[in-house]
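A quick write-up on the structure given underneath.
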Amino acid sequence: MVTGAGSGIGRALAQQLSAAGSALAIADVNEKGLAETAASLKGKGQVSTHILDVSSEEAVRDFAEDVAARHGRVTLLINNAGVALIGTFEEVSLDDLRWVMNINFWGVVYGVKYFLPILKKQPRAQIVNLSSVFGIVAPVGQSAYSASKFAVRGFTEAVRHELEGTTVFLSCVHPGGIHTPIASHARLGANAAQSKKEIAVEYFDKATRTTPEAAAERILKGVEKREPRILIGKDARQIDIVQRLRPATYWKIMAHRAQAPNSSK
């Protein structure tokens, strides 16, 4: 089962899983994107498509029941759906913050809560939750996004420890810059200038080094090896090392890399 399958990493995951012969339940709030993903799948396994707002607990609960009824079992849950928000803490509203947390964090929690009983029935099952490199470091202008991704990381690690000795394993994914539409689809903070989004999108397009296909391939290799922590991209590995060496002062080293998207022009 893959959420956020209408584009980016989610679409690439669906395509690679399908090509490997997996039956799939793919979900996204974007009906058009989801249909395009479904049409691109080349495998012969059963595929069901689901229009889903992961921020709705009721919708995710009903979705889990629907998937179980249609497919009979679930062995791999990938909570991939996510959104971004542009603006410093003072430039975003509390409603903006709630929007990010409801999708990026609570969407993951709901997915785990309602699929876990289904997964535990299998002799081997796995949950993959998408955090971010911004779940390892917290850059200027990413207070909301980083909060959501740090929360995903902490939640995933705690539940993995709680489920040790069971048939269900959890992996947390930390992608670096992946060339997806997340920046262009980002919400602009209530009090942020429109130019901020234009600068951020331009910077993101230039700075992202990894394709969604390469990211999906790395995730699935991590699933095969049951890796607890999956870093994607050279940039993610470098940032992880800097944070480990300078846990309290990493931003002094990294700040120059983030000047463009945080410009006030």
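Bear in mind that the values in this text are calculations on the coordinates, not laboratory data. Computed from a predicted structure; not experimentally measured. Quick reminder, even Gly has a Cβ in these numbers, built from the backbone with ideal geometry, and neighbours come from all protein chains shown.
Odds and ends about this structure:
- The GluC sites (Glu not before Pro) found in the range 76-183 that occupy coil by DSSP, while having at most 16 further C-beta atoms within 10 Å, are 90, 164.
- Highest GNM mean-square fluctuation among 253, 86, 136, for the chain modelled with Cα contacts below 10 Å: 253.
- Rounded to the nearest 10 degrees, the inclination of helix 212-224 to the longest alpha-carbon principal axis of the chain is 50 degrees.
- Per residue, the convex hull volume that the Cα atoms of the range 2-258 enclose (Å³): 124 Å³
- Full extension of the chain between residue 195 and residue 248 yields a length gain of 16.0 nm, computed as 0.36 nm times the residue separation minus the alpha carbon distance.
- Each part reduced to its alpha carbon centroid, the range 105-145 and the range 166-187 end up 9 Å apart.
- The calculated 222 nm mean residue ellipticity attributable to helices in the chain amounts to -15000 deg cm²/dmol, summing -39500 (n - 2.57) over DSSP H runs of n ≥ 4 and dividing by all residues.
- Cα centre as origin, Lys/Arg/Asp/Glu Cβ charges: the chain dipole, Debye: 920 debye
- Counting only alpha carbon atoms, the long axis of helix 106-119 and the longest principal axis of the chain meet at about 20°.
- For the range 125-227, the calculated P(r), taken from all Cα-Cα distances in 10 Å bins from zero up to the bin holding the longest distance, is 14, 39, 32, 13, 3, 0 percent.
- Neighbour net charge for residue 11 - beta-carbon separation under 10 angstrom, K R +1, D E -1: -3
- Charging the Cβ of each Asp and Glu at -1 and of each Lys and Arg at +1, and nothing else, the dipole of the range 122-265 about its Cα centre rounds to 340 debye.
- Neighbours of residue 1, meaning other residues whose beta-carbon lies under 15 angstrom from its beta-carbon, give a summed charge of +3 when Lys and Arg score +1 and Asp and Glu score -1.
- Farthest toward the positive end of the dipole of the range 152-244, out of 180, 163, 191, is the Cα of 191, where the dipole comes from beta carbon charges about the Cα centre.
- Acute angle (nearest 10 degrees) that the helix 57-71 long axis makes with the longest principal axis of the chain, alpha-carbon atoms: 40 degrees
- Those aspartates and glutamates that a straight Cα-Cα span of less than 17 Å connects to residue 32, excepting residues fewer than 8 apart in one chain: 53
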